[in-house]
Amino acid sequence: MGMKITPSILNADFADLRGEIAKIPSADMVHIDVMDNHFVPNLTIGLPVVEAIRTVTTQELDIHLMIADPDRWAPAYADAGAESVTFHVEAAGAPVRLARELRALGSRAAMALKPATAIEAWVDLIPEVDMVLLMTVEPGFGGQKFLDMVLPKLRRTRELVKATGQEIWIQIDGGVSVDTIGRCAEAGADVFVAGSAVYRADDPDAMVRELRELAAQHAQPSVE
């Protein structure tokens, strides 16, 4: 598979989400951060807004749930037509059951880990998901500085994914830019969330294409 860029609309103009999404036609997916002010100290958008977004774009929706009870709420996002739904392992009560339910509803299931959460504790869950998201900032706010401390975990995760023999994507979220995406690709990531880098650019779609090219240049041979 090629490198995928999934711009986060957390840094977009919430008063014109239709227009902001239209600025990134080259994006592989649109990344939507759902925060509940419980699991993370911020409150963003919820299911009604995602349902509204679904009606105004045909681009794939990549939902990142930073919420306290994903077991209860995540299936509704898959039911709303999201192509990918990510839940945090730190918050899920029954992650295997949740992943299987999301897949049964037709969505890709993904698990997310905070920077300090070890991947080794969740090895057995990897074959149950379609994507592993590694946070490279503390979840909750956009525009944070990239945490290089996550790169060793990214390399270990790539090896664990290879061992499954399955095509499981590895997504990086937090501080992704032209200065950091190469390091992430070299370490084994193949899906990249970029918020500030895209929406603060003069031409957001050109930035999407530039980030994808940079990732491809640094990708591991077995990934690209």
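Of note:
Here's the yes/no breakdown for (1) among the polar types (S, T, N, Q); (2) surrounded by 21 or more Cβ atoms within 10 Å (Cβ to Cβ); (3) part of a helix (DSSP H, G or I); (4) within 17 Å of the chain's Cα centre (by Cα):
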| site | (1), (2), (3), (4) |
| --- | --- |
| Ala78 | no, yes, yes, yes |
| Gly81 | no, no, no, yes |
| Phe87 | no, yes, no, yes |
| Glu90 | no, no, no, yes |
| Arg100 | no, no, yes, no |
| Ala112 | no, yes, no, yes |
| Pro115 | no, no, no, yes |
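- All positions within the range 15-48 that are outside any loop (DSSP other than H, G, I, E, B) and either acidic (Asp, Glu) or at pLDDT below 95 (or both): Asp16, Glu20, Asp33, Asp36, Leu43
- Test for Gly140: is it more than 20 Å from Ser107 (Cα to Cα) and either charged (D, E, K, R) or exposed (fewer than 14 other Cβ atoms within 10 Å of the Cβ) (or both): no
- Comparison of Gly142, Gly165 shows that the only residue that is of a type outside the set (A, V, I, L, M) and closer than 22 Å to Met29 by Cα is Gly142.
- When residues of the range 190-224 are limited to those that are among the aliphatic types (A, V, I, L, M) and touching a Lys or Arg at 6+ places or on another chain (Cβ under 8 Å), the one modelled with the lowest pLDDT: Val223
- Unique match (being surrounded by fewer than 17 Cβ atoms within 10 Å (Cβ to Cβ) and either in contact with a helix residue (DSSP H, G or I) (Cβ under 6 Å, 6 or more places away or on another chain) or more than 15 Å from Ala189 (Cβ to Cβ) (or both)) among Lys145, Lys162, Lys153: Lys145
- Filtered residue count, the range 194-210, keeping only those that are out of contact with any strand residue (DSSP E or B) (no Cβ under 8 Å at 6 or more places or on another chain), in a helix (DSSP H, G or I) and either among the aromatic types (Phe, Trp, Tyr) or without any contact (Cβ under 8 Å) to a residue 12 or more places away in the chain (or both): 1
- Looking only at the range 160-193, residues that are assigned to a helix (DSSP H, G or I), farther than 25 Å from Ser107 by Cα and of a type outside the set (A, V, I, L, M) come to 4 in all.
- Pairing residues of the range 91-105 that are free of Cβ contacts under 8 Å to residues at least 40 places away in the same chain and more than 13 Å from Leu125 (Cβ to Cβ) with residues that are among the hydrophobic types (A, V, I, L, M, F, W, C) and loosely packed, with under 13 Cβ neighbours inside 10 Å, at Cβ distances under 6 Å and at least 6 apart in sequence or on separate chains, gives no pairs at all.
- Cβ pairs under 8 Å, 6+ apart, first in the range 117-140 and without any contact (Cβ under 8 Å) to a residue 24 or more places away in the chain and farther than 16 Å from Ser84 by Cβ, second of a type in the set (D, E, K, R) and in a helix (DSSP H, G or I): none
The values are calculated or read from the model by the stated rules, or taken from the named source; none is laboratory data. This is a predicted model, so every value here is computed, not measured. Note that we place each Cβ from the backbone using ideal geometry, even for glycine, and neighbour counts take in every protein chain shown.
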